[in-house]
1. Suppose the filter is under 15 Å from Gly182 (Cα atoms), of a type in the set (Asp, Glu) and either in a helix (DSSP H, G or I) or free of Cβ contacts under 8 Å to residues at least 60 places away in the same chain (or both); does Glu130 pass it?
2. Can you spot a residue in the stretch 51-60 that is more than 20 Å from the chain's Cα centre (by Cα), closer than 20 Å to Ala267 by Cα and not aliphatic (A, V, I, L, M)?
3. Just need a number here: residues in the stretch 166-206 that are touching a residue at least 60 places away in the same chain (Cβ under 8 Å) and farther than 22 Å from His262 by Cα.
4. Quickly run through the stretch 235-259 and pick out the residues that are more than 19 Å from Glu160 (Cβ to Cβ) and of a type outside the set (A, V, I, L, M).
5. Give the stretch 232-250 a look and list any residue that's within 16 Å of Leu147 (Cβ to Cβ) and surrounded by fewer than 20 Cβ atoms within 10 Å (Cβ to Cβ), or say none.
6. Inspect all residues belonging to the stretch 267-276 and state whether any of them is over 25 Å from Asp201 (Cβ atoms), touching a Gly at 6+ places or on another chain (Cβ under 8 Å), surrounded by fewer than 18 Cβ atoms within 10 Å (Cβ to Cβ) and not polar (S, T, N, Q).
7. Within the stretch 143-163, is there a residue that is farther than 30 Å from Leu227 by Cα, at pLDDT 95 or above, out of contact with any Lys or Arg (no Cβ under 8 Å at 6 or more places or on another chain) and surrounded by fewer than 24 Cβ atoms within 10 Å (Cβ to Cβ)?
8. Please determine, by comparing only the residues of the stretch 247-265 that are among the aromatic types (Phe, Trp, Tyr) and outside any helix (DSSP H, G or I), which one is nearest to Asp155 (Cα to Cα).
Amino acid sequence: MRTYPGAVTGGIAVLALLAACGAPGDPVDGGGESAGPVTSVDELPDGAQIGVPNDPANLGRSLQLLAGEGLITLDPEVEGSVTEQDIAENPRGIQFVPLEAAQLPRSLQDFDAAIVNGNYAIEAGLNPAEDAIVLESGEDNPYANGLVAQGENADDPRVEQLGALLNTQEVHDFIAETYTNGSVVPAFTPTGPAADVQPLDDPGEPLRVGVSPVPHGEILGYVDSELAADAGLDLEIIEFSDYVQPNLQLADGELDANFFQHRPYLAEFLAGQGEGEDFQYLTDVHVEPLGLYVYGG
């Protein structure tokens, strides 16, 4: 069963804005000086403005991606998540503009380029494999998204059952066959078919799982419709339009688990909460590669 604590309109708004502002392939006409389509980082102008996610985990991830392309050099002595303060060299005078991650695809026309996560690329109608001028690799990517529960619930048979289903061959195939454009990539080696998962003797109450709509809600929706019943699992899927409430409601006991975040984001959240929260990251499911996009790219 799927419930919605609030309207989720981001994808529709993004599509409407892109349609109003122009179609892919149109010349760039925003915050930058590009006169035509930009197809590589080498074509970005000196002093280009690049929109980046404003949360520390994904900001650091974005800077690492751009450093890998030679746009900037990062301080090699810095460990963990990097910030703009850790940029050692910026020979082309690139300007980084932090913005809430969900807003970046809506604001492409305001920048020379912007870093967009795979889930928001899907909602914006972008095709990472074709539209991104730089695309993060999904292989051995440390930013895999996975299932998270409170420590006291980590061994709840229902949570363990969901973790087992999320790592089956069927879910691996669903991800690989549904997201063929590089926006979502499986991040696990299948344990086997779902038929090998021993059904629960007593499902008990529905397992309340908080998700973001795309792709987490779609993946969990597949599990719910195709695999959960045979495994004796009753799911209540609760969709959120932001990255804050799923953790807050998990902490408050309103959720039994959530599925929307990667390990560095969870670590950032827990660091901000201080002592007292005991969240357990249980299993990797997929990666949403970051991409560098230009308006009309």
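1. Yes.
2. Residues of the stretch 51-60 that are more than 20 Å from the chain's Cα centre (by Cα), as a first pass: none.
Checking the stretch 51-60: not a single residue is more than 20 Å from the chain's Cα centre (by Cα), closer than 20 Å to Ala267 by Cα and not aliphatic (A, V, I, L, M).
3. Qualifying residue count, the stretch 166-206: 1.
4. If the condition is that a residue be more than 19 Å from Glu160 (Cβ to Cβ) and of a type outside the set (A, V, I, L, M), then Glu239, Phe240, Ser241, Asp242, Tyr243, Gln245, Pro246, Asn247, Gln249, Asp252, Glu254 are the ones that fit.
5. Of everything in the stretch 232-250, those that are within 16 Å of Leu147 (Cβ to Cβ) and surrounded by fewer than 20 Cβ atoms within 10 Å (Cβ to Cβ) turn out to be Glu236, Tyr243, Gln249.
6. No - not one qualifying residue is present in the stretch 267-276.
7. No, the stretch 143-163 contains no residue that is farther than 30 Å from Leu227 by Cα, at pLDDT 95 or above, out of contact with any Lys or Arg (no Cβ under 8 Å at 6 or more places or on another chain) and surrounded by fewer than 24 Cβ atoms within 10 Å (Cβ to Cβ).
8. The initial filter retains those residues of the stretch 247-265 that are among the aromatic types (Phe, Trp, Tyr), namely 259-260, 265.
Remaining after also requiring outside any helix (DSSP H, G or I): 259-260.
On the way: Phe259: 16, Phe260: 20 Å.
Only one residue fits best here, namely Phe259.
The values are calculated or read from the model by the stated rules, or taken from the named source; none is laboratory data. In this text, all values refer to a predicted model and were calculated from it rather than measured experimentally. Cβ: placed from backbone, ideal geometry, glycine included. Neighbour counts: every protein chain shown.
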